[in-house]
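A.B. asks: Please see the structure below; I have some questions.
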Amino acid sequence: RCERWWVTLFSMWSNTSTALGFSWLPVGECTRGEHHSQSSLDALVGFGLVGAASAGICITLNAQKLVHNRNYDPVTGRQSIHFTRIPLWWAAVIANGLSELVNLAALGFAPATLVAPLGCLSVVFNAFTAVFWLREPFFKRDLLGLALISAGVSCIVMGQVGSPAPPITVPYLREVV
């Protein structure tokens with residue numbers, strides 16, 4: 001069995017990886033029928049990576065919003081300078097890209113059926129960050145929305161924990177459908 005998560009991530013790019021200079025990657029060590037064996041430690045690492053990525057995405061998006069808020073001229077009602085000339089905005093854009101790469105790395109540890117719903121954590125983090133950092137209002141409906149998101153994510157995650165991760169192939173899909 002293939003035990004390396006990065007092989008699973010990069011196996012689809014076997015030709016491209018050599019062309020881009022990533023020939024050190026152990027691409028191709030797994031055959032098509034072999035899949036990464038899921039362990040509870042891998043799932044915990046995946047959950048941790050998704051949580052870190054969600055927090056990073058939240059912070060970077062709020063930093064971009066902060067740049068726009070501070071760049072507003074109340075006298076003219078327009079922006080003072082173009083936002084692309086502000087270094088904090090670019091730092092937030094780059095950090096957002098890095099956070100998304102961490103989110104992508106989480107797919108190497110946990111299945112997409114767990115990673116995608118946990119990505120909703122950025123919405124939950126953003127609700128609180130926007131209130132405390134950007135001084136945006138928090139309404140009762142926001143609390144209801146956060147409760148519904150939390151309930152939905154909990155249901156999906158708890159329904160997936162411990163279930164085997166079957167290989168998704170055309171014959172498998174024909175069998176299921």
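Values quoted throughout were computed directly from the atomic coordinates according to the rules given, and no laboratory measurement underlies them. Source: prediction; values computed, not measured. Don't worry about glycine lacking a Cβ; one is built from the backbone with ideal geometry, like all the others, and counts go over all protein chains shown.
A.B. asks: Under a point-charge model restricted to the Cβ atoms of Lys and Arg (+1) and Asp and Glu (-1), what is the dipole moment magnitude of region 66-144 relative to its Cα centre, in debye to the nearest 20?
C.D. replies: Approximately 200 debye in magnitude.
A.B. asks: In percent, how large is the relative contact order of region 44-177, given Cα pairs closer than 8 Å and 6 or more residues apart?
C.D. replies: Reported relative contact order: 32 percent.
A.B. asks: What is the spin-label model distance, in nm, from F138 to A151 if the labels are put 7 Å beyond Cα along the C-beta direction?
C.D. replies: 2.0 nm
A.B. asks: How far is it, in nm, from the label point at F128 to the one at M158 when both lie 7 Å from their Cα along the line to the Cβ?
C.D. replies: 2.1 nm
A.B. asks: Between I94 and L66, what is 0.36 nm times their sequence separation minus the Cα-Cα distance? Round to one decimal in nm.
C.D. replies: 8.5 nm
A.B. asks: Round to the nearest 0.05 the FRET efficiency obtained for Q79 and L44 when R0 = 35 Å and r is the Cβ-Cβ distance.
C.D. replies: So the FRET efficiency works out to roughly 0.20.
A.B. asks: Next question. Going by average Cβ density within 10 Å per residue, which order do the peptides 57-70, 85-98 take, highest to lowest?
C.D. replies: Result, highest mean Cβ count within 10 Å first: 57-70, 85-98.
A.B. asks: Okay, moving on. For region 42-146, count the residues as N, evaluate 2.2 N^0.38 Å, and divide the Cα radius of gyration by that value, please.
C.D. replies: 1.25
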